[in-house]
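Everything below concerns the one structure shown next.
Taken together, the values in this text are just the output of simple stated rules run on the coordinates, not laboratory data. Computed from a predicted model, the values in this text were never measured in an experiment. Neighbour counts run over all protein chains shown; Cβ positions are idealised from the backbone, glycine included.
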Amino acid sequence: MTILIEKHSGYRRITLNRPERLNALNIEMADALTAALDAAEADKSCRALLLTGAGRGFCAGQDLNEIVDLPAREIAALIDHYHPLIRRLHASPLPIVGAVNGVAAGAGANLALACDIVLAARSASFVQAFARIGLVPDCGGTWLLPRLVGGARARALALLAEPLPADTAAAWGLIWQAVDDERLMPAAEALAARLATGPTFALGLAKSALAAAATNDLDDQLDLERDLQAKAAAHPDHAEAVRAFLGKRPASFAGRQS
Ligand code: LHQ
């Protein structure tokens, strides 16, 4: 199986599972990930996702064995299996934690960066490896990198294709945090479990507002915030949290009922 899915209380852990090839991507894996996302979103008890890799790598990008001598048009067709997955991760109403356990290269780096909160083991690195094989960053890399780290760093990452250590990735704002290797999975699981008990509906709306900010001007964004706030305020999680605050007790969020 190209991916493993484990159900935890409130969240699902999805593990890329081709460790002998550093979890290199192929069509089967991309389609399995999209299906796993569909299934998680359809399950109302699932309120967060955790994405990680088996073995010593996170994901080495496209499996190069599967594109040797492939005509250019078929390479482009391959991407049609990957880009819907990237769109789905960005648009998912569920909060997604990426736990980057080792090298994340090419499409694998941009798959990691499509998660909402990315933690990386200190020994992990991010490589926009595309230029090494005469390709262009895909899976959203050219869109996300300048937004996360600014144009100067984005250009150097894309054109030099050098590995960026996890600590630098965190210092530059490419990811949320770098943690000691042995702390990665406990920290990522704690984060997924925490998100899974949060106000899931509002978290999904916050994700969509942040995504829309990439193209909106301030006026449009303020209007969007007003409209989303009306939706969030109408959800029982809001009333519960205000009552909990005033009652000096922890809130108990219902989560996904809308
Ligand atoms: C691999 C791979 C790999 C197969 C390691 N494939 N086996 C999308 C769609 C359509 C078309 C094209 O492009 C795309 C987007 C892309 O993702 S293009 C970018 C593709 N990825 C790469 O170019 C990265 C290739 N890999 C590497 O540069 C290195 O392996 C990295 C830097 C990831 C890790 O280096 P090391 O830690 O030194 O590991 P290694 O190179 O020894 O790899 C371990 C094994 O994994 C090895 O197999 P072996 O049988 O010798 O132990 C590699 O052949 C295999 N492997 N990446 N992408």
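Summary table below
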{"item": "In order through region 9-15: 3J(HN,Hα) via Karplus (6.51 cos²θ - 1.76 cosθ + 1.60), integer Hz, x for Gly, Pro", "result": "5, x, 9, 10, 9, 10, 10"}
{"item": "Neighbourhood charge, 10 Å Cβ-Cβ cut-off, centred on GLU6 and excluding it, Lys, Arg +1 and Asp, Glu -1", "result": "+3"}
{"item": "For ARG256, residues with placed amide H under 5 Å, excluding near neighbours", "result": "none"}
{"item": "Total lysine pairs whose alpha carbons fall under 20 Å of each other in the chain (8 or more apart, or interchain)", "result": "4"}
{"item": "Separation of alpha-carbon centers, region 8-60 and region 186-209, rounded to whole Å", "result": "17 Å"}
{"item": "Between helix 184-196 and the chain: long-axis angle, C-alpha atoms, 0 to 90°, nearest 10", "result": "40 degrees"}
{"item": "Length released on extending from ILE133 to ASN17, taking residue separation times 0.36 nm less the Cα-Cα span", "result": "39.4 nm"}
{"item": "Rounded D (µm²/s) - region 64-174, Kirkwood Rh over Cα pairs, Stokes-Einstein at 20 °C, 1.002 mPa s", "result": "149 µm²/s"}
{"item": "With Cα atoms, 0 to 90° folded angle of helix 72-91 axis to the chain main axis", "result": "20 degrees"}
{"item": "Region 3-196: antiparallel DSSP beta bridges as a percent of all, rounded to 5", "result": "25 percent"}
{"item": "Long-range amide H partners of ALA178 with built H, under 5 Å", "result": "ALA120"}
{"item": "Computed over the chain: relative contact order in percent, which uses C-alpha pairs under 8 Å that are six or more apart", "result": "17 percent"}
{"item": "Computed over region 200-257, the ratio Rg/Rh where both radii use C-alpha atoms and Rh is Kirkwood", "result": "1.07"}
{"item": "Amide H partners (placed H, <5 Å) of GLY98, local residues excluded", "result": "LEU51, ASP116, ILE117, VAL118, LEU119"}
{"item": "Helix-only CD estimate at 222 nm, as mean residue ellipticity for the chain, using -39500 (n - 2.57) per DSSP H run (n ≥ 4)", "result": "-14500 deg cm²/dmol"}
{"item": "Bins of 10 Å from zero: percent of alpha-carbon pairs in the chain", "result": "7, 29, 35, 21, 7, 1, 0"}
{"item": "13 Å beta-carbon shell around PRO93, net charge (K/R +1, D/E -1)", "result": "+2"}
{"item": "Proximal charge balance of LEU145 [Cβ under 9 Å; K/R count +1, D/E count -1]", "result": "+3"}
{"item": "C-alpha long axis of helix 236-246 to longest principal axis of the chain, angle in °", "result": "60 degrees"}
